[in-house]
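What follows is one structure encoded as structure tokens, with my remarks underneath.
The values are calculated or read from the model by the stated rules, or taken from the named source; none is laboratory data. In this text the structure is predicted, and so the values were computed from the model without any measurement. Using ideal geometry, Cβ is built from the backbone for each residue, glycine included, and neighbour counts are taken over all protein chains shown. Areas reflect the complete protein model, heavy atoms only, side chains present, ligands, DNA and RNA absent. Shrake-Rupley method; radii C 1.70, N 1.55, O 1.52, S 1.80 Å.
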Amino acid sequence: MSLKSGLASFFLLQFESLSSSTSTATVARRCSFGHLRPVPPSKRAYTCAATPSPQSAEKSNGVLLVVVGGGAAGVYGAIRAKSLAPHLNVLVVEKGKLLSKVKISGGGRCNVTNGHCPDTKILAEHYPRGHRELRGSFFNTHGPGDTMSWFTDHGVALKIEEDGRVFPITNNSSSIVDCLLSEARERGVCLQTGKTVTSVSAGVQGKFILKVEKRSVEFLEYLEADYLLIASGGSRQGYELAVQLGHSIVDGVPSLFTFKIKDPLLSELSGVTFLKVEASLILESDKKNIPHLTQLGPMLVTHWGLSGPVILRLSAWGARDLFRAGYKALLMVDFVPDLHIEDMKSILSRQKQKFAKQKVLNSCPSEFGIVKRFWKYMLDREGLNCDTLWASVSNNSLNSVAYLLKHCAFEVVGKGQYKDEFVTAGGVPLSEISLKTMESKMRPNLFFAGEVLNVDGVTGGFNFQNAWSGGYIAGTTIGELAAKAVC
Ligand SMILES: Cc1cc2nc3c(=O)[nH]c(=O)nc-3n(C[C@H](O)[C@H](O)[C@H](O)COP(=O)(O)OP(=O)(O)OC[C@H]3O[C@@H](n4cnc5c(N)ncnc54)[C@H](O)[C@@H]3O)c2cc1C
């Protein structure tokens, strides 16, 4: 038997076993009601890059793992399962293109993981949703170090940048995409694109009946899977599959966005960067205007507001509160977090004496580490004419400038787009799965990995790490179960 005909007969077998099962009636009825007709199995084209060897196909008895979603978590999990159980038939169903987010990620460079978090507890702190649960076995089983080793062992040289972000040395996400796809194909993972799993129900003997459709083409098929890995990212369709199998969903809201700021003068500063600011978010619900979210790090002025790591982290930690508040909040920024306000006042007094005959605009104290354009903005906000000589500035005004640099308020009026990374906060609650196996607590042989879960990280490679870790653990469990079943 050729490799190709081996696989064709495997799928034929799937269809036949489905026809002879008790679910046949349901399947037939649903097909005849819809405008779609199932394509006879013999006419279906399966575009698998590799097929199981005749021996392993025989050994498998047609045992099938279906992975919904060909993203980072799905493909990584499929490879892992197949590497532990080569006889297992592994089919990845992807509605769009394989690894499309990996391809566009990190501005086309793919920030694979983060290399500055060897301690799993510190690592978990980078996940606004998941920071408590991910402290345990999850990253211990497969953490950033394991991810880096995996890619290096598979021929992708990586580099760690100063801020901890890990990229392929080529600075090209294709290195990661090509590596994963060639590994999947070599191992005989069947990758199908352009097909959507539109519903799922329980079959006989704990199996899963999946309805697969193609958009805009008359195509419908049913698959019977022994194992199901849902790795559908933040897609609503994926959430629906989880619900159909008894899971609940924490409603999805956007995370990782920039802030739109109501301030025409600020937009003139577009492109100005600050290496270190301390920014706090105050929401209307915050009692007595006490901020409940504070972050320290670089910030950037854009033409519509503020961005940079500090803002993205605030958007992630405040994702739910900001959503509830209609993205309206007050942002307090300390532009000189390393100096105490009294020290700043002294610096300004010394400046006044030293540059008494100069215009205030032309000599901003270097200790503040701010550029002239921003210094002008501060003076304008304080109502100080930039042409005023230092000698004429009152001590009260100096104190006010110091105060403004430490407590500068901006009105957030909406959320802006961050092109380089975006994730959804929400999904299947972690309490409904075992993080040791990624198996559902509701239904055996059902697994979840990646963004479909209620886990999301801040920028820096943490979101992919969640996908690699979850995919790896799910793949390991499925592979081991499948291997045990044939012994
Ligand atoms: C522009 C951008 C840049 C990013 N850059 C980075 C970065 O540099 N570093 C980082 O750590 N994170 C980054 N992220 C986040 C990261 O891409 C995601 O966290 C990660 O892709 C999640 O992986 P996943 O496999 O869980 O989901 P996805 O990558 O979203 O994959 C899920 C797949 O499932 C498919 N699918 C969904 N429903 C169905 C269905 N019913 N049937 C069939 N297929 C289905 C989807 O088409 C999709 O391809 C970025 C995100 C974006 C949008």
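Take the cross-link list 101/436; 359/406; 207/419; 121/328; 359/415; 121/406 and give me the ones stretching past 30 Å between alpha-carbons.
207/419; 121/328; 359/415; 121/406, as the Cα separations exceed 30 Å there.
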Practice problem: Give a quick list of trypsin sites (Lys or Arg not before Pro) in region 131-216 that DSSP marks as loop, anything other than H, G, I, E or B, with at most 16 other Cβ atoms within 10 Å. | Solution: 132, 215
Quiz item: Restricting attention to region 211-250, which GluC sites (Glu not before Pro) occupy a DSSP loop and are surrounded by at most 13 other Cβ atoms within 10 Å?
Solution: 218
Quiz item: What list of ³J(HN,Hα) couplings, whole Hz, do you get for region 162-178 from phi and the Karplus terms 6.51, -1.76, 1.60, once you set θ to phi - 60° and write x for glycine and proline?
Solution: 3, 8, x, 5, 10, 10, x, 4, 6, 6, 9, 4, 4, 4, 6, 4, 4
Quiz item: What residues qualify as long-range amide H neighbours of residue 258, i.e. H under 5 Å apart, gap of 5 or more or another chain, H built at 1.01 Å from N?
Solution: 416, 417, 418
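So what is the 222 nm mean residue ellipticity for the chain from helices alone, if each DSSP H run of at least 4 adds -39500 (n - 2.57) and you divide by all residues, rounding to the nearest 500 deg cm²/dmol?
On the way: 17 runs with 181 residues, N = 487.
Helices in the chain give a 222 nm mean residue ellipticity of -11000 deg cm²/dmol.
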Quiz item: Counting every Cα pair in region 257-417, what percent are over 27 Å apart?
Solution: 26 percent
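Pairs of Cα atoms under 8 Å, at least six residues apart: use those to get the relative contact order of the chain, whole percent. Display every interim value, and only then the final one.
On the way: 1044 pairs, mean separation 105.1, N = 487.
Answer for the chain is 22 percent.
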Exercise. Could you grab the Rg to Rh ratio for the chain? Cα atoms only, Kirkwood for Rh.
Key: 1.10
Quiz item: Which angle between 0 and 90 degrees, to the nearest 10, do you get for helix 462-486 versus the longest principal axis of the chain when only C-alpha atoms count?
Solution: 20 degrees
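Excluding ligands, DNA and RNA, what is the solvent-accessible area per residue of the chain at a probe of 1.4 Å, expressed in Å²?
Numbers: 21640 Å² over 487 residues.
Per-residue accessible area for the chain comes out at 44 Å².
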Quiz item: Three principal axis extents, largest first, for the C-alpha atoms of region 129-249, in Å?
Solution: 49, 37, 27
Quiz item: Could you give the distance between the Cα centres of region 151-181 and region 256-313, to the whole Å?
Solution: 31 Å
Quiz prompt | Alpha-carbon Debye profile of region 191-230, log10 I(q)/I(0) at 0.16, 0.18, 0.27, 0.33 Å⁻¹ | solution = -0.40, -0.50, -0.93, -1.17
Quiz prompt | region 257-417 - percent relative contact order, Cα under 8 Å, separation 6 or more | solution = 31 percent
Quiz item: Once the dipole of the chain is set up with Lys and Arg at +1 and Asp and Glu at -1 on Cβ about the Cα centre, which of 430, 269, 123 lies farthest towards its positive end?
Solution: 269
Quiz item: Amide H to amide H under 5 Å from residue 453: which residues, 5+ apart in sequence or cross-chain, H placed 1.01 Å off N in plane?
Solution: 428
Self-check item: For region 80-96 versus region 104-145, the gap between their alpha-carbon centres in whole angstrom
Solution: 24 Å
Quiz item: So what's the gap between the Cα centers of region 437-487 and region 350-391, to the nearest angstrom?
Solution: 56 Å
Exercise. Rank these residues by their accessible area, most exposed first, probe 1.4 Å: 150, 304.
Key: 304, 150
Quiz item: Quick one: Karplus J couplings for region 414-423, per residue in order, coefficients 6.51, -1.76, 1.60, θ = phi - 60°, nearest Hz, x for Gly and Pro?
Solution: x, 10, x, 8, 10, 5, 6, 7, 7, 9
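How big is the dipole moment of the chain about its Cα centre under a simple scheme where the beta carbon of each Lys and Arg is +1, that of each Asp and Glu is -1, and everything else is neutral? Debye, nearest 20, please.
Details: 54 positive and 43 negative charges, 150 e Å.
So the magnitude is around 720 debye.
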Quiz item: Using the Karplus equation 6.51 cos²θ - 1.76 cosθ + 1.60 (θ = phi - 60°), what ³J(HN,Hα) coupling, rounded to whole Hz, does each residue of region 76-93 give in order, writing x for Gly and Pro?
Solution: 5, x, 4, 4, 5, 4, 5, 6, 8, 9, x, 6, 5, 7, 10, 10, 9, 9
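In region 333-395, what trypsin sites (Lys or Arg not before Pro) fall in a loop by DSSP, with at most 14 other Cβ atoms inside 10 Å?
On the way: sites: 345, 350, 352, 354, 357, 359, 372, 373, 376, 381; in loops: 357.
Answer in residue order: 357.
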Quiz prompt | Listed residue (232, 222, 312) projecting farthest to the positive dipole end of the chain, Cβ model | solution = 222
